[in-house]
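For reference, the structure is listed below as structure tokens.
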Amino acid sequence: MELPKFLLGDNTDYPDAIFIMHTDYPRFIINLANDEVEWLEDFDPADEKELETEAGNLIQQANDFYDREISRFEEQ
């Protein structure tokens, strides 16, 4: 099965949370309500420098994805 790069999720146990899941490497879940990120990968110290550089880009892409999805809901 091919998954989209980002998925939007919610959970009634966290009514104020807005979850975006990144399904490609490095996989993570971000809560846009507080910008908390949970990485679903184990990184070795050599990867940390690259991760720091890429993380900002991926988090911005997650925010852009959310904005796009919300605008599509509002158009309906």
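Restricting to the stretch 1-16, give me the number of residues that are outside any loop (DSSP other than H, G, I, E, B) and either out of contact with any strand residue (DSSP E or B) (no Cβ under 8 Å at 6 or more places or on another chain) or among the hydrophobic types (A, V, I, L, M, F, W, C) (or both). Explain how you work it out, then say what you get.
The first filter runs over the stretch 1-16 and keeps only residues outside any loop (DSSP other than H, G, I, E, B), leaving 6-9.
With the extra rule that they be either out of contact with any strand residue (DSSP E or B) (no Cβ under 8 Å at 6 or more places or on another chain) or among the hydrophobic types (A, V, I, L, M, F, W, C) (or both), the set shrinks to 6-8.
Residues in the stretch 1-16 being outside any loop (DSSP other than H, G, I, E, B) and either out of contact with any strand residue (DSSP E or B) (no Cβ under 8 Å at 6 or more places or on another chain) or among the hydrophobic types (A, V, I, L, M, F, W, C) (or both): 3 in total.
State the number of residues belonging to the stretch 18-35 that are touching a strand residue (DSSP E or B) at 6+ places or on another chain (Cβ under 8 Å), more than 15 Å from residue 52 (Cα to Cα) and loosely packed, with under 15 Cβ neighbours inside 10 Å.
1
Taking the residues in the stretch 1-44 that are under 17 Å from residue 60 (Cα atoms) and in contact with a Pro (Cβ under 8 Å, 6 or more places away or on another chain) as candidates, determine which candidate is modelled with the highest pLDDT.
Applying the filter and picking the extreme gives 23.
All but one of (1) open to solvent by 50 Å² or more (accessible area, probe 1.4 Å); (2) closer than 18 Å to residue 67 by Cα; (3) of a type outside the set (D, E, K, R) hold for residue 9, so report the exception by its number.
Answer for residue 9: the failing condition is (1).
The values are calculated or read from the model by the stated rules, or taken from the named source; none is laboratory data. In this text, all values refer to a predicted model and were calculated from it rather than measured experimentally. Glycine also receives a Cβ, built like all others from the backbone with ideal geometry; neighbour counts cover every protein chain displayed. We work out accessible area using only protein heavy atoms, side chains counted, and drop any ligands, DNA or RNA first. Shrake-Rupley method; radii C 1.70, N 1.55, O 1.52, S 1.80 Å.
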